[in-house]
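Below you'll find the structure, written out as structure tokens, and then a few comments.
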């Protein structure tokens, strides 16, 4: 066996499936100077993860879930949460009504 | 999305500099795998490679407007990744690997047929470890040539040195690898 063939036996590994999403969260944090927990709220309601059941739920339900989660993990009350929508690649700041 | 898939790297960078975030995401999706694998082969730890790749794309995000197109975008991006990997190696100063003799002994002790040997994960580990034992500059040049398919000129741009130096580094890297892998080479 030749050296170049031998070297090629080491195959490329796949990138982690959430690599781009993690990166967008980091960028979001930097751009909006917001805390991790506020960003994570967006992740957990499924906007970043693209969970179908949550994507298909009405906007008011998404908003409620974002605030419930952000309040829970921060042990406080948030007036605004920034979310990232994986389908449209848009950031949106949602306010508590 | 087709608009993005069909666009060249330079077009994507131009769109992104004009605040088109989807263009940036397209670049990330296209390059995440080659960049992570390149960094992994330089530093030897996949988790850390993912972390450095994130830093590389963050740098790209923050400095894409400085890209002037003098070199290819690919070369430019790999240069960012390469510099970050070298910085990380300077901090911990060694490749993250198990002793090569132990893997070699394990492989030779198994008395595998040539076909079984080629298919064994230990051999892949042995090759990766042997590459990890090369000097950093030799490893960088070899990985860009053999795994990333870069030309000598492109590697020279990434490494900031002459084409002659790159050819020499690759030659020396292959000499060392031949020695390490002599028990399986023709």
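The values are calculated or read from the model by the stated rules, or taken from the named source; none is laboratory data. On a predicted model such as this, the values are computed, not experimentally measured, just so you know. Counting neighbours? That spans all protein chains shown, and the Cβs are built from the backbone with ideal geometry, glycine included.
Does residue B:97 meet the test of being modelled with pLDDT under 85 and within 20 Å of the chain's Cα centre (by Cα)? It is true that residue B:97 is modelled with pLDDT under 85 and within 20 Å of the chain's Cα centre (by Cα). Restricted to segment A:1-23, and to residues there that are more than 26 Å from residue B:182 (Cα to Cα) and more than 7 Å from chain B (Cβ to nearest Cβ), the residue that is modelled with the highest pLDDT is A:17. Kindly indicate whether residue B:67 is over 19 Å from the mean Cα position of the chain (by Cα) and over 25 Å from residue B:151 (Cβ atoms). So residue B:67 fails the test. Does residue B:39 qualify as being surrounded by 16 or more Cβ atoms within 10 Å (Cβ to Cβ) and more than 10 Å from chain A (Cβ to nearest Cβ)? For residue B:39, the condition - surrounded by 16 or more Cβ atoms within 10 Å (Cβ to Cβ) and more than 10 Å from chain A (Cβ to nearest Cβ) - is met. Do we find a residue being within 14 Å of chain A (Cβ to nearest Cβ), on the phi < 0 side of the Ramachandran plot and part of a loop (DSSP other than H, G, I, E, B) anywhere in segment B:154-176? No; the residues of segment B:154-176 include none that is within 14 Å of chain A (Cβ to nearest Cβ), on the phi < 0 side of the Ramachandran plot and part of a loop (DSSP other than H, G, I, E, B).
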